[in-house]
1. Cβ under 11 Å from A118's Cβ, A118 left aside: what net charge do those residues give with Lys, Arg +1 and Asp, Glu -1?
2. Past 29 Å, Cα to Cα, is the threshold; run K5/K305; K34/K202; K34/K305; K11/K289; K87/K119 against it and keep the listed order.
3. First obtain the Kirkwood hydrodynamic radius of the chain from its Cα pairs, then insert it into the Stokes-Einstein equation at 25 °C and 0.890 mPa s, and state the resulting D in µm² per second as a whole number.
4. How far is helix 309-327 tilted off the main Cα axis of the chain, in degrees rounded to 10, range 0 to 90?
5. Treating only the Cβ atoms of Lys and Arg (+1) and Asp and Glu (-1) as charged, compute the dipole magnitude of the chain about its Cα centre; round to the nearest 20 debye.
6. Setting aside same-chain residues fewer than 8 positions from K31, which aspartates and glutamates have a Cα under 17 Å from its Cα?
7. For P187, what charge total do you get from the other residues with a beta carbon under 13 Å from its beta carbon, if Lys and Arg give +1 and Asp and Glu give -1?
8. Taking a probe of 1.4 Å, how large is the accessible area per residue of the range 74-211, in Å²?
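The values are calculated or read from the model by the stated rules, or taken from the named source; none is laboratory data. All of these numbers come straight from a predicted model, not from anything done at the bench. Here the Cβ is made from the backbone with ideal geometry for all residues, glycine too, and neighbour counts use every protein chain on show. The protein model used for the area step is the full one, side chains on, heavy atoms only, and it has no ligands, DNA or RNA in it. Shrake-Rupley method; radii C 1.70, N 1.55, O 1.52, S 1.80 Å.
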Amino acid sequence: MINLKGRDFLKLLDYTREEIEYLIDSAAKLKLEKKAGIPHKLHTGKNIALIFEKTSTRTRCAFEVAAYDLGMGVTYLDSSGSQIGKKETIADTARVLASMYDGIEYRGFGQNIVEELAKYSKVPVWNGLTNEFHPTQILADFLTIKEHFGTLKGINFVYMGDARYNMGNSLMVGCAKLGMNFTACAPEKYFPDKALVEECKKLAEVSGATLKFETDVKAATLGADVIYTDVWVSMGEPVEVWRERINDLSDYAVTKAVMQNAGERAVFMHCLPAFHDLGTTVGKEVGEKFGLEYLEVSDEVFESKQSIVFEEAENRMHTIKAVMAATL
Ligand code: CP
Ligand code: NVA
């Protein structure tokens, strides 16, 4: 019997395979209930605080809607409208918020900050994205893959682009834990952190997963089930890195040729937001400056039948709900 009551959710490395599978399966159940109009106010009367030191659409909305569905109240805090980071330390913030709220979500910079928050908080802390990890995103991604393919074990998962940041790291850990075949397809300097790779290799030995690091796009993507990518410049990184990233990663954009090489069965996934056209302020600015119509994924792939990015985005809510339902 899995019991996660009182646990933080800071990174997938802290959870066993069975616990991760339990959260994914609970999310599927909560999703069915929601679609059938069956209420699940499992935590009526509780309240949660959401701290966002970086911007968000999906994660914030997912936490808020999930909290309302569970019968809870929500307070949103950002760095400009609160004392966090300027006048009050994380340790003090943790103790204040934990005295009023039943759970705390944190999105921000270093993983050490969310770990510190959890250390000083007597209520569960959930990681809503740090530079190093984005664990709630992986639950949504894996629920989406399970819905599509009926299984996770043995899925050939290829991550293209900047594999050394939060998404590449977390997806590698998730695949290693759950027995999936993970390939990072990128120039060598964008491969995940060596120490994390070593840790994942040990996990893979237990789960039956495989881990590959490949610079050749054709070889990496041939026969893949999932082609996954993320932005090339993440929140909090300086604008000066754009030129280098575009130079380094342009060959690793997800195009029709990549999807064809993967095959008809393959799906395209992205945590979003995505630069698939010039329809955003940043997209337009960068696109015009570098003479590009898209960055990490072409609009053709993004809008194609193989793209399941919006199913994936919806699943953020169901999976975050499962995390809160289980840990509160
Ligand atoms: N995927 C994701 O975390 O989206 P937001 O930045 O909009 O929360
Ligand atoms: N790597 C991206 C993920 C956004 C969900 C970022 O950190 O900005």
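1. Details: positive: R7, K11, K119, K122; negative: D8, D14, E115, E116.
Net charge around A118: 0.
2. Working: K5/K305 39 Å; K34/K202 38 Å; K34/K305 26 Å; K11/K289 37 Å; K87/K119 20 Å.
Violating the 29 Å limit, Cα to Cα: K5/K305; K34/K202; K11/K289.
3. Working: Rh = 20.2 Å.
Estimated via Stokes-Einstein, D reaches 122 µm²/s.
4. 30 degrees
5. 1000 debye
6. Straight-line reach from K31, under 17 Å: E21, E64, D69, D141, E147, E311, E312, E314.
7. Net local charge, P187 excluded: -4.
8. Working: 5170 Å² over 138 residues.
Spelled out: the 1.4 Å probe surface of the range 74-211, per residue, equals 37 Å².
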